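J.: Shown below is the structure under consideration.
Every read-out reported here was derived from the displayed coordinates using simple, explicitly stated rules and does not represent laboratory data. No experiment lies behind these values; they were computed from the predicted model shown. Note that we place each Cβ from the backbone using ideal geometry, even for glycine, and neighbour counts take in every protein chain shown.
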Amino acid sequence: MFLHRFRFWNIIFLYFVFSFLMVTAQESKPITLKSKLSEITVFSDRAEVTREAEINLSPGIHKLIFDDLPRLIDSDSIQVNGQGSAILKDVKLQARYYADIPDKERKTLFDKEQELKDKLTQINDMKGISEGERNFVQRISEKMTSNHEESAAPELDPMKWIKMVSFYRDKQTELIKQIRSYEKDIRTINDDLTKVRQEIKEIGYRKNKKRNLVDVLVEMKKEGTLSLKLRYIVMGPQWTPSYDLRVSTEKKNLNLSYYGLISQNTGEDWNEAAVSLSTAQLNIGGMQPELQPWTLDFYRPLSRSSESKKRNAPMMQNYMAAPEPEADGSMEEESLEVVAAKAEMGGTAAVFHIPGKNTIQSDNQEHKVTIAIQNFPIHLRYSTVPKLAERAYLKAKAENKSDYALLAGETQVFLDGRFVSNSYLDFVAPGSSFWSFLGVDEGIKVERKLIRKYESNPGIFTKQTKTVYEYRIKVTNNRKSEEEIVVWDQLPVSYNQDIKVVMIKPVLKESGEKVKLDENNYLEWFLKLNPGQEHQIDFHFTVEYPAEKRVEGLD
């Protein structure tokens, strides 16, 4: 009986020892996971990356490693979750430093350099052969046409000479073409060699290279498959909006294509991943700023004088956002079907889920994806600043009827199927209206002339000089439809009480014209012209100042 009990407790003891050894053995052999990128959410200055891995594990504690992660990981952003019969015990971000670059990376670059050098040698040899052949043909020509004392006079058969000249021209043309082609190839290979050698040079700078890894400690309750998801924020990737605005003047319609331009240089390629774009501004704190006490005290002069900053005087805005279209800048409308992203609205931001799988290489190049395609009814109007350019610029007004904002970004504008300009779209909130310039329309003629300018010299009782300016603006609608036109001009702005600017025409309160004067002395006339109608605007003002003074800024 005692012997049986002794054997029983020995077996129990050996079982626990064996289990302990097994767990210890498992912990001492970390497993590097084969993970793949599955989801990417790109923000304005960073991206959230999701990696997935799956592995079969036996019961016990296991140390799993997500290796070769980007350098600029935000350590506070790391999250691990998954599915399986296991307990997540610990997650750690660690850095691994290499004394040198891995041989595989170095060998690849050196092999590429040698391949380019061999190709360069081969092309230089071929170029040398062509140059030698060209010199040989040249020497034959010189020998045939020279008349040495010991040689007979050259034969004067016209047909033979014509054939020889034709052969010489054709052969020389062929050889010059070959040589120029070889020179072009040589330039290309030298450019590639420069890039490869720069990468080889950078390898030396990247010694003690840092690579991140995430250690995940799990305890499997039973044997089975464990699926893990690792999420982290990596700094640097970004996306910016871009737009194609296609306007039909016949249908009074604006087709807006909303694109995202994604770029990243994290060191890992995003291959075949689900990509989303978020409008959330993570670089701006989520809490409002707090007021600080506003204190007053007597002025105490500093020991050293400091130069104060000069404030810029308000300047007239440039209302000519769209340049004149080029004569040959036509472009056909796209006919391919484009699938837009699915928008998901949050409390403070929108997320656009790009359809399908996308690949974004770590090359810092822009990759274009489609976010949305929308159609808006538009209202057309012309705008002109004849003081700066005697041209009328067509512009369209539309309302953003989508549930999400249109972020500020570059635009390409197409009018009736023709490219007219590159422009810029400011931020447009949902439900807000926006204008887009569509280029110059020669159907509206604009003229601005200085009719008269004269000075009233000081008399006996006054020491003031008064300069009178009289301008005339003519706008003619040569189109076959009634058009709205806004005309802009300006009065000088005086920053000295001794300089007085007075507008004579138009008289704002008595004028039957729709004219406005704002705080910057910008004048705005709103016109509606019938087909063929001409409208004349008389614009007069005076500038009065002390006679002994000189005023800067007057024309």
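J.: How high is the FRET efficiency between I200 and D125 when r is their beta carbon distance and R₀ equals 35 Å, given to the nearest 0.05?
T.: The calculated FRET efficiency here is 0.90.
J.: With only Lys, Arg, Asp and Glu charged, each at its Cβ (+1 for the first two, -1 for the last two), find how big the charge dipole of the stretch 416-500 is about the Cα centre; round to the nearest 20 debye.
T.: The calculated dipole for the stretch 416-500 is roughly 560 debye.
J.: Past the 22 Å Cα-Cα mark, which pairs from K445/K466; K119/K184; K36/K92; K36/K342; K252/K397?
T.: K445/K466; K36/K342
J.: Can you list residues whose amide H is under 5 Å from S77's amide H, if they're 5+ apart or on another chain and H is modeled 1.01 Å from N?
T.: Answer set, sorted by chain and number: I233.
J.: Continuing with this model, one more query. Return the subset of K34/K229; K474/K514; K251/K480; K107/K357 for which the Cα-Cα distance in this structure is over 24 Å, preserving the input order.
T.: From K34/K229; K474/K514; K251/K480; K107/K357, over 24 Å: K107/K357.
J.: Right, something else. Could you tell me which of P506, V543, N530 has its Cα farthest along the dipole of the stretch 494-555 towards the positive end, charges placed at Cβ (Lys, Arg +1; Asp, Glu -1), taken about the Cα centre?
T.: So the residue we want is N530.
J.: What is the gain in length, in nm to one decimal, between K549 and K163 on full extension, counting 0.36 nm per residue of separation less the C-alpha to C-alpha distance?
T.: Once the chain is fully extended between K549 and K163, it gains 130.5 nm.
J.: May I ask which residue of N496, I444, I485 lies farthest towards the positive end of the charge dipole of the stretch 444-546, with charges of +1 (Lys, Arg) and -1 (Asp, Glu) on Cβ and the Cα centre as origin?
T.: About the Cα centre, the residue reaching furthest to the positive side is I444.
J.: Out of residues 5 or more away from T465 or on other chains, whose amide H comes under 5 Å of its own, with H placed 1.01 Å from N in the peptide plane?
T.: Y545, A547
J.: If each of A280 and K397 carries a label point 7 Å out from its Cα toward its Cβ, how far apart are those two points in nm?
T.: Between A280 and K397, the label points sit 3.7 nm apart.
J.: Any idea what the dipole of the stretch 444-546 comes to, in debye rounded to 20, about its Cα centre with Lys/Arg Cβ at +1 and Asp/Glu Cβ at -1?
T.: So the magnitude is around 300 debye.
J.: Let me ask something else about it. Show me, for the stretch 164-175, the HN-Hα J-couplings you get by feeding each phi into the Karplus relation (A = 6.51, B = -1.76, C = 1.60, θ = phi - 60°), rounded to Hz, glycine and proline as x.
T.: Running phi through 6.51 cos²θ - 1.76 cosθ + 1.60 with θ = phi - 60° gives 5, 5, 5, 4, 4, 5, 5, 5, 4, 4, 4, 5 Hz.
J.: Continuing with this model, one more query. Computed FRET efficiency, Cβ-Cβ of E519 and L88, R0 51 Å: what is it to the nearest 0.05?
T.: Calculated transfer efficiency: 0.20.
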